[in-house]
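Peer 1: Please see the structure below; I have some questions.
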């Protein structure tokens with residue numbers, strides 16, 4: 001029984017990984033269930049058994065990352081410490097979660113470009129939970145007198161897209177191997193990007209006395 005459960009978990013995880021990559025490569029509309037099944041080395045019946053439909057797979061892939069980011073963001077917002085320290089921790093956390101899921105940035109950029117047509121209410125709710133945690137730490141900073149009265153939603157929208165673009169760029173450079181003398185193709189380390197984003201966010205939010 002335990003061995004069967006382990007095989008089931010492995011099969012489900014394999015389908016998840018295959019679907020995530022297919023959606024990242026092609027977007028929801030162009031993704032094909034038969035390709036996902038072939039990547040995962042299962043038949044389509046097994047895929048439908050675990051996830052119900054292509055939309056069910058897509059929902060599961062996006063909910064995975066938003067659940068993880070939301071939990072970390074909420075823990076940071078509710079934890080001890082000054083708001084600027086929490087802001088640094090939040091940026092480091094979201095970069096870490098994106099780095100752990102290389103399929104997420106291209107998938108999300110495709111979804112944004114499509115007008116978020118494939119996001120269901122439950123997934124929107126998880127996305128909103130991420131924003132609410134960020135809003136709370138920004139409001140804390142404003143209450144402490146450290147942050148200017150910036151709009152939390154616009155601030156969130158200013159921080160998140162560069163993170164998606166950074167990893168999409170990293171993937172593109174790795175896959176396409178552009179000429180080494182191309183200045184825009186010069187590599188950047190993830191920790192350098194984190195430091196840059198933290199400094200940029202603090203500069204955007206801090207009061208300048």
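Since every read-out is calculated from the coordinates, none of them should be taken as a lab result. Computed from a prediction, not measured in an experiment: that's the story for all the values here. Every residue, glycine as well, gets a Cβ built from its backbone with ideal geometry; the counts of neighbours run over all protein chains shown.
Peer 1: Rank-order 102-109, 161-168 by packing density, defined as the average count of other C-beta atoms within 10 Å over each peptide's residues, highest first. Spell out each step's value before the answer.
Peer 2: Details: 102-109: 21.6, 161-168: 17.8.
Order by mean packing, descending: 102-109, 161-168.
Peer 1: Which of 126, 57 has the fewest other C-beta atoms within 10 Å, and how do the rest follow up to the most? Provide the component values of the computation, followed by the final result.
Peer 2: Values: 126 20, 57 25.
Result, fewest neighbours first: 126, 57.
Peer 1: OK, next. What ranking do 10-17, 111-118, 25-32 get when scored by the average of other Cβ atoms within 10 Å per residue, highest first?
Peer 2: Values: 10-17: 16.2, 111-118: 12.5, 25-32: 14.5.
Listed from highest to lowest mean packing, they are 10-17, 25-32, 111-118.
Peer 1: What angle do you read, to the nearest 10 degrees and between 0 and 90, between the alpha-carbon axis of helix 2-30 and the longest principal axis of the chain?
Peer 2: It works out to around 70 degrees.
Peer 1: May I ask for the angle, rounded to the nearest 10°, between helix 83-100 and the longest principal axis of the chain, with both axes built from Cα atoms and the value confined to 0 to 90°?
Peer 2: Rounded to the nearest ten degrees, it is 20.
Peer 1: What angle do you read, to the nearest 10 degrees and between 0 and 90, between the alpha-carbon axis of helix 152-176 and the longest principal axis of the chain?
Peer 2: For helix 152-176, the angle is close to 50 degrees.
Peer 1: Run the simple label-point estimate for residue 122 and residue 53 please: 7 Å along Cα→C-beta, distance reported in nm.
Peer 2: It is 1.2 nm.
Peer 1: I've got another one for you. How many nm separate the modelled label positions at residue 38 and residue 191, each set 7 Å beyond the Cα in the direction of the Cβ?
Peer 2: 4.2 nm
Peer 1: Next up: What's the extension gain from residue 114 to residue 151 if we count 0.36 nm per residue and subtract their Cα-Cα distance? Please list the in-between numbers first.
Peer 2: Values: separation 37, 0.36 × 37 = 13.32 nm, distance 2.54 nm.
Between residue 114 and residue 151, full extension yields 10.8 nm more.
Peer 1: Could you give the length gained on full extension between residue 139 and residue 71, defined as 0.36 nm per residue of separation minus the Cα-Cα distance, in nm? Could you put the intermediate results ahead of the total?
Peer 2: Values: separation 68, 0.36 × 68 = 24.48 nm, distance 1.86 nm.
So the extension gain works out to 22.6 nm.
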